[in-house]
Amino acid sequence: MIRNISYRTLIGLTFTGIAVSALSSALHAQGNKFTGTVERVWEDGFSLDTGNRTIRVDSWDVYGDNTPQNVSVGDRVSVTGEFDGGEFDADSISE
């Protein structure tokens, strides 16, 4: 009996892990949007304070290596895109 419960628990946890992973991937694949204040800028990105957290934004797809010519510290911007490895890849940036 204990073996059956442990086996069932293991199978249930495995399926739960797969479902959570699939849901997380699906949510990240959707176009997420964040609005906040730019805290720091570098050649191909910036940090964005959303009020709840700070997001590291990769803006290369929008501005290439020219982010400082388009975004300044203190700007209020909205970004859309998706997370990739802890960084937010922006596909659009608007003020």
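The values are calculated or read from the model by the stated rules, or taken from the named source; none is laboratory data. Every value quoted in this text rests on a predicted model; they were computed, and no experiment measured them. Cβ atoms come from the backbone with ideal geometry, glycine included; neighbour counts cover every protein chain shown.
Details
- Strands (runs of 3 or more DSSP E) enclosed by region 36-95 - at least 3 residues per element that are out of contact with any Asp or Glu (no Cβ under 8 Å at 6 or more places or on another chain) and at pLDDT 95 or above: 87-94
- Residue ID - nearest to residue 34 (Cα to Cα), chosen from residues in region 55-91 that are touching a Lys or Arg at 6+ places or on another chain (Cβ under 9 Å) and loosely packed, with under 13 Cβ neighbours inside 10 Å: 86
- Looking across region 31-42 at every residue that is closer than 16 Å to residue 83 by Cβ and surrounded by 14 or more Cβ atoms within 10 Å (Cβ to Cβ), the one that is farthest from the chain's Cα centre (by Cα) is identified as 36.
- Residue, surrounded by the fewest Cβ atoms within 10 Å (Cβ to Cβ), within region 43-54, restricted to residues that are of a type outside the set (Phe, Trp, Tyr) and in contact with a strand residue (DSSP E or B) (Cβ under 8 Å, 6 or more places away or on another chain): 51
- Residue count, region 43-59 (criterion: over 15 Å from the mean Cα position of the chain (by Cα) and closer than 14 Å to residue 88 by Cβ): 1
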